[in-house]
There are 2 protein chains.
Amino acid sequence: MSLQRVRIVLCQTSHPGNIGAAARAMKTMGLGDLRLVRPKTFPDAAAQAMASGADDVLAAAQVVTRLEDALIGAELVAGCTARPRDLSHRMIDAREASGLLAAHARRAPVALLFGTEMSGLSNEELDQCQLLVRIPANPDYSSLNLAAAVQILAYELRVASVSARAPDEVPFPLARHDDLERFYRELESTLIGIGFLDPLMPKRLMTRLRRLFSRTRIEHEEFNILMGILKRIRNPRPGGGGIQDNDIVE
Amino acid sequence: MSLQRVRIVLCQTSHPGNIGAAARAMKTMGLGDLRLVRPKTFPDAAAQAMASGADDVLAAAQVVTRLEDALIGAELVAGCTARPRDLSHRMIDAREASGLLAAHARRAPVALLFGTEMSGLSNEELDQCQLLVRIPANPDYSSLNLAAAVQILAYELRVASVSARAPDEVPFPLARHDDLERFYRELESTLIGIGFLDPLMPKRLMTRLRRLFSRTRIEHEEFNILMGILKRIRNPRPGGGGIQDNDIVE
């Protein structure tokens with residue numbers, strides 16, 4: 001799977017708790033390759049605590065002193081940044097960048113860099129990136145927590161890499177077309193019976209009700225319940241014993 | 001901006017730090033309407049600390065004891081869930097759900113619910129949702145932190161609301177949450193009245209009917225029709241004149 005070729009590189013992270021939370025964010029999306037460039041405090045109990053069940057990602061994390069060492073073999077290197085930079089890096093948003101990274105990761109390692117909590121990536125670190133990634137955020141308050149930024153990009157990478165989507169599962173049998181038609185006939189005659197629908201002036205009532213029920217895709221069992229209700233509307237038994245076996249139409 | 005009409009509802013949150021982190025996640029994406037249903041500890045210093053610069057969101061958060069009170073006026077209610085549920089709620093992924101919520105939020109309030117850290121939303125809370133939202137995650141480790149889940153959905157909501165949509169894609173007005181609750185109450189008492197539902201042995205009938213109708217997302221006009229039908233079931237007028245003005249509940 002291409003996600004295994006995506007490296008998350010945290011540069012000079014100040015708070016070890018953020019490293020743990022980033023590891024957890026990565027693992028929830030199927031990423032496992034974490035690299036730490038000169039972390040202030042690592043390993044650390046706070047990182048362990050925040051990693052929750054992602055301690056394997058933390059344990060496998062590579063710690064390096066030079067950014068270059070974390071990027072060996074990477075085909076595409078992207079840097080996450082909150083603010084526009086003065087130099088003319090190509091700046092694209094998280095979704096487009098994730099598509100690019102995931103596509104490249106089909107064949108070769110790629111890397112996504114995150115800077116310090118306070119000031120982001122340094123200019124020297126940016127120099128090693130081929131593109132800059134921006135998470136679209138509230139212009140008045142764009143202060144994403146480091147792990148939150150990792151979470152969003154890991155999520156986008158997962159969505160991008162799972163190109164073939166699972167077909168919609170239909171867990172319960174639906175009512176068949178002929179059952180539905182029977183239901184609509186019963187519904188119509190019941191509504192006429194109780195005087196809600198005037199057959200001489202039906203307007204568009206049945207069309208509207210059909211549209212309402214067809215949106216919901218009625219299941220077979222629900223069809224039985226609805227038919228039972230219609231039957232009981234025609235033959236009310238006030239104070240009766242609730243649902244009876246013969247209320248359910250087979 | 002439609003994001004102002006999106007309510008984030010945290011149900012029975014255990015850790016106040018998660019409430020603060022969720023407030024920060026919301027504000028980074030331009031969301032500000034936070035509602036807390038029976039939080040275990042709130043207000044709390046840990047919430048303040050994690051909110052960072054989003055203390056205004058925290059200060060404005062509404063605390064309620066009943067979920068219904070957080071949903072008054074909401075036109076579309078979605079619940080975030082990590083695992084498939086037994087009954088047939090419609091389950092869609094975060095991106096599609098955000099598109100739907102953002103579209104409805106152009107006109108009316110919408111709500112997105114998150115359950116407890118340990119077990120998610122209860123069945124009673126799910127009953128008040130019209131659709132379930134799943135964040136695509138690693139099947140072997142889908143344990144997203146609560147604030148991380150809020151962050152991803154807030155991000156998707158921002159992206160969805162910023163992407164320009166044609167005005168004719170704005171759907172018909174839906175019945176509001178409190179109208180729907182009124183409909184379910186009337187439906188229940190009507191079914192008891194005609195002897196279909198035994199209040200002493202209700203089984204899961206109302207839950208099933210709630211899920212059937214919530215899948216269909218009842219429009220406001222359809223709500224009026226359904227209320228008219230219930231009224232006429234209780235007061236049948238066989239051979240009567242069809243739909244009367246006073247059959248329609250305003």
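The values are calculated or read from the model by the stated rules, or taken from the named source; none is laboratory data. In this text the structure is predicted, and so the values were computed from the model without any measurement. Every residue, glycine as well, gets a Cβ built from its backbone with ideal geometry; the counts of neighbours run over all protein chains shown. All accessible areas refer to the heavy atoms of the entire protein, side chains included, with ligands and DNA or RNA removed. Shrake-Rupley method; radii C 1.70, N 1.55, O 1.52, S 1.80 Å.
Excluding A:N138 itself, what net charge comes from residues whose Cβ is under 9 Å from its Cβ, given Lys and Arg +1 and Asp and Glu -1?
On the way: positive: B:K27, B:R158; negative: A:D140.
So the surrounding residues net to +1.
Got the B:G193 label distances to the other copies yet, label 7 Å along Cα→Cβ, in nm, shortest first?
Label-point separations across copies, in nm and ascending: 1.7.
With Cβ to Cβ distances under 10 Å as the rule, what net charge do the other residues near A:A51 carry (K, R +1; D, E -1)?
Numbers: positive: A:R24, A:K27; negative: A:D55, A:D56.
Cβ neighbours under 10 Å give a net charge of 0.
Give me the 1.4 Å probe accessible area per residue for the stretch A:2-161, excluding ligands and nucleic acids, in Å².
Values: 6560 Å² over 160 residues.
I get 41 Å² per residue for this part.
Based on DSSP H runs of at least 4 residues, each adding -39500 (n - 2.57), what is the mean residue ellipticity at 222 nm of chain B after dividing by all its residues, to the nearest 500 deg cm²/dmol? Spell out each step's value before the answer.
Working: 10 runs with 108 residues, N = 250.
For chain B, the value works out to -13000 deg cm²/dmol.
Residues with beta-carbon under 10 Å from that of A:R208, excluding A:R208: net charge, scoring Lys, Arg +1 and Asp, Glu -1? Walk me through the numbers before you get to the answer.
Numbers: positive: A:K203, A:R204, A:R210, A:R211; negative: B:E219, B:E221, B:E222.
With Lys, Arg at +1 and Asp, Glu at -1, the net is +1.
Would you mind computing, in nm to one decimal, how far apart the modelled labels at B:S143 and A:S52 are, each placed 7 Å from Cα along Cα→Cβ?
Modelled inter-label distance: 0.7 nm.
Relative to the first principal axis of the alpha-carbon coordinates of chain A, what is the inclination of helix A:177-193, with its axis defined by its Cα atoms, in degrees from 0 to 90 and to the nearest 10?
Relative to chain A, helix A:177-193 is tipped by roughly 50 degrees.
Given the protein chains as shown and a 1.4 Å probe, how many square angstrom of A:R35 are accessible, to the nearest 10?
Accessible surface of A:R35 is approximately 30 Å².
If you project the alpha carbons of the protein assembly as shown onto the principal axes, what extent comes out on each, in Å, largest first?
So the extents along the principal axes, rounded to whole Å, are 86, 47, 41.
Can you return the lysines within cross-link range of A:K40? Criterion is Cα-Cα under 30 Å, with same-chain partners fewer than 8 residues away left out.
Qualifying lysines at Cα under 30 Å: A:K27, B:K27.
Mind checking the angle between helix A:205-216 and chain A's longest principal axis? C-alpha axes, 0 to 90 degrees, to the nearest 10.
Tilt of helix A:205-216: around 40 degrees.
Tell me which lysines have Cα within less than 30 Å of A:K231's Cα, excluding those fewer than 8 residues away on the same chain?
Cross-link targets: A:K203, B:K203, B:K231.
Once the Cα gyration tensor of the stretch B:2-169 is found, what semi-axes does its equivalent ellipsoid get, as square roots of 5 times the eigenvalues, in whole Å, sorted largest first? Please list the in-between numbers first.
Details: eigenvalues 96, 72, 49 Å².
They are 22, 19, 16 Å, listed from largest to smallest.
From the label point of B:T65, set 7 Å from Cα along Cα→Cβ, how far away are the matching label points in the other copies, in nm, ordered shortest to longest?
Those separations, rounded to one decimal, come out as 6.2 nm.
What FRET efficiency comes out for B:A60 versus B:R38 if R0 is 22 angstrom and r is the Cβ-Cβ distance? Round to the nearest 0.05. Mind dumping the intermediate values first?
Working: r = 18 Å, r/R0 = 0.83.
E(calc), rounded to 0.05, equals 0.75.
With a 1.4 Å probe and all protein chains left in place, how much of the accessible area of chain B comes from carbon and sulfur atoms, in whole percent?
Numbers: 5300 of 9960 Å².
Answer for chain B is 53 percent, counting heavy atoms of protein chains only.
Report, for A:R106, each distance to the same residue's label point in the other copies, shortest first and in nm; define the point 7 Å along Cα→Cβ.
3.4
Rounded to whole Hz and in sequence order, give me ³J(HN,Hα) for the stretch B:28-33 from the Karplus expression 6.51 cos²θ - 1.76 cosθ + 1.60, θ = phi - 60°, writing x for Gly and Pro.
4, 9, x, 9, x, 9
Please find the FRET efficiency linking A:S122 to A:H220, where r is the Cβ-Cβ separation and R0 is fixed at 60 Å, and quote it to the nearest 0.05.
On the way: r = 63 Å, r/R0 = 1.04.
The calculated FRET efficiency here is 0.45.
Take every residue in peptide A:137-150, count the Cβ atoms of other chains within 10 Å of its Cβ, and give the average of those counts. Don't jump to the answer; show the numbers that get you there.
Numbers: counts 7, 11, 1, 4, 11, 4, 6, 6, 9, 0, 5, 13, 3, 1.
For peptide A:137-150, the averaged partner shielding equals 6.
Is the stretch A:177-247 rounded, prolate or oblate when judged by the Cα gyration tensor, a ≥ b ≥ c being the square roots of its eigenvalues, rounded requiring a/c under 1.5 and prolate requiring a/b larger than b/c? Numbers along the way, then the final one.
Values: a/c = 2.53, a/b = 1.22, b/c = 2.07.
It is oblate, given that a/c is not under 1.5 and a/b is not larger than b/c.
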